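Heads up: the structure comes next, in structure tokens.
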Amino acid sequence: MHRDLAHMLSVSARDAKELKRGLNAAYNKLDQSRERASHAEKLALEMLLRVREAEEEREKAMREASAVREDLGRYKALLESAHKDIRRGQSLLQDHEHLRYEAEAAAARARDTARQMKQRRLIELAREQGRKMGYDEGVQAGQRIGYYDGQSPG
């Protein structure tokens, strides 16, 4: 009986360790996703700065258009490149936001699963403890009855 209980406690401890490892892995993935999202935000800001610079240069080119028509095509190419970079940055940011959302949802599901498993395990342990207490009380009652039956003349 004690071995069974010890075995159950050992299994429970192992299950808890596995759950903790899973939860830590989920937290690690969440942290990685957050880092990727932060990096994507930084890239998007850099791209935004590049676009602002390109816009300023484009405006300057329009003011000087009469003297430098040849430069206008080059500035337009720079502007299109910056827009492509922004679109790529925005797409990357959206991808990272999606990954972060999925990681947070997975972490929440993992926490819910861990909590449910812990609750089930506590219920199982309480039931087992109740059974053991009932059994022990039954044995003690049987011993008392046997003792009193042995004491009475008969």
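Would you check if A108 is in a helix (DSSP H, G or I), small (G, A, S) and modelled with pLDDT under 90?
Answer is no for this residue.
Rundown of residues vs (1) under 24 Å from E18 (Cα atoms); (2) aromatic (F, W, Y); (3) without any contact (Cβ under 8 Å) to a residue 24 or more places away in the chain, yes/no style:
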{"site": "H39", "(1), (2), (3)": "no, no, no"}
{"site": "M62", "(1), (2), (3)": "no, no, yes"}
{"site": "A67", "(1), (2), (3)": "no, no, yes"}
{"site": "D85", "(1), (2), (3)": "no, no, no"}
{"site": "A108", "(1), (2), (3)": "yes, no, yes"}
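State the number of residues belonging to the range 46-67 that are under 23 Å from Q94 (Cβ atoms) and either aliphatic (A, V, I, L, M) or not in a helix (DSSP H, G or I) (or both).
5
Which condition breaks for R109 when tested against (1) exposed (fewer than 12 other Cβ atoms within 10 Å of the Cβ); (2) of a type outside the set (G, A, S); (3) over 17 Å from K29 (Cα atoms)?
Going through (1) exposed (fewer than 12 other Cβ atoms within 10 Å of the Cβ); (2) of a type outside the set (G, A, S); (3) over 17 Å from K29 (Cα atoms) one by one, R109 breaks only (3).
Among the residues of the range 110-142, write down those that are aliphatic (A, V, I, L, M) and either within 20 Å of the chain's Cα centre (by Cα) or within 22 Å of K17 (Cα to Cα) (or both).
At the first step, the residues of the range 110-142 found to be aliphatic (A, V, I, L, M) are 110, 114, 117, 122-123, 125-126, 133, 139, 141.
Correct list: A110, A114, M117, L122, I123, L125, A126.
Yes or no: I123 in a helix (DSSP H, G or I), of a type in the set (V, I, T) and within 30 Å of E41 (Cβ to Cβ)?
Answer is no for this residue.
Let's see how each residue does on (1) within 26 Å of E104 (Cβ to Cβ); (2) at pLDDT below 85:
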residue	(1), (2)
M47	yes, no
E53	no, no
A61	no, yes
R69	no, yes
L72	no, yes
Y75	no, yes
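Residues that are of a type in the set (D, E), over 30 Å from L125 (Cα atoms) and out of contact with any Phe, Trp or Tyr (no Cβ under 8 Å at 6 or more places or on another chain): does the range 11-23 have at least one?
no
Does L48 qualify as being more than 30 Å from E128 (Cα to Cα) and crowded, with 16+ Cβ neighbours inside 10 Å?
No: the conditions fail for L48.
Which of the residues that make up the range 4-45 are surrounded by 11 or more Cβ atoms within 10 Å (Cβ to Cβ) and either outside any helix (DSSP H, G or I) or charged (D, E, K, R) (or both)?
Residues satisfying the conditions are D15, E18, K20, K29, D31, R34, E35, R36, E41, K42.
Might you let me know whether the range 99-106 holds any residue that is out of contact with any helix residue (DSSP H, G or I) (no Cβ under 8 Å at 6 or more places or on another chain), farther than 30 Å from L19 by Cβ and loosely packed, with under 12 Cβ neighbours inside 10 Å?
no
The values are calculated or read from the model by the stated rules, or taken from the named source; none is laboratory data. Note that this is a predicted model, so its numbers are computed, not measured. Every residue, glycine among them, receives a Cβ derived from its backbone with ideal geometry; neighbour counts consider all protein chains shown.
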